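Values quoted throughout were computed directly from the atomic coordinates according to the rules given, and no laboratory measurement underlies them. Note that the structure is a prediction, hence the values are computed from the model and not measured. When we count neighbours, we look across all protein chains shown, and the Cβ atoms used for this are built from the backbone with ideal geometry, even at glycine.
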Amino acid sequence: MMPSPTKTPTRLGRYEILDEIGKGAMGIVYLAKDPLIGRLVALKTFRIGYSSLKDQEMEQFRARFMREAQSAGILSHPNIVTIHDVVEESEDGLAFIAMEYVRGTNLKLLLQGDQPLSLSFVLDAIAQVGDALDLLFVDELGD
């Protein structure tokens, strides 16, 4: 059974929803405003009551979602978004991560585009990803 389409909420927790900026299999990413400090954030949601999954699968997705938030939340690096808040379940039946909103071009769309990417762009992107991954592995290994 497919979940019924839902209208974009106007709020999630204290955050004011401004726009939908992405969609995935298990949730939606919204552009939102934190009214307490006036900052724009991206809210990555996870629909807890997603009806087409078995309870065990749902719990695995929820656990992975929370691990992602916890892992990213302890990191501080220019190439990794900052996590501001995690809500395990809102009154709307959503879990969500409030994270730094980064304006820019979607890398996936660039890679799927018709125009070839310049060598300098590709090398810069790989270097940035590698730098961020280096922090992850150093943090994981305790070096």
Burial-style ranking of 105-114, 30-39, average other-beta-carbon count within 10 Å with highest first, yields 30-39, 105-114
Any residue on another chain or 5+ positions along whose placed amide H is under 5 Å from the amide H of residue 89 is listed here as none
Largest first and rounded to whole Å, the semi-axes √(5λ) derived from the alpha carbon gyration tensor of region 53-114 read 25, 18, 12
The set of residues whose placed amide H lies less than 5 Å from the amide H of residue 101, leaving out same-chain residues fewer than 5 positions away, is 42
Ordering 126-132, 11-17 by per-residue average of other C-beta atoms within 10 angstrom, highest first, gives 11-17, 126-132
Given backbone amide H placed at 1.01 Å from N, residues whose amide H is under 5 Å from that of residue 18, ignoring those fewer than 5 places away on the same chain, are 31, 32, 33
Semi-axes (Å, rounded, descending) of the ellipsoid equivalent to region 11-120 per its C-alpha gyration tensor are 25, 19, 15
With label points set 7 Å from each Cα along the Cα-to-Cβ direction at residue 128 and residue 57, the distance between them in nm comes to 3.5
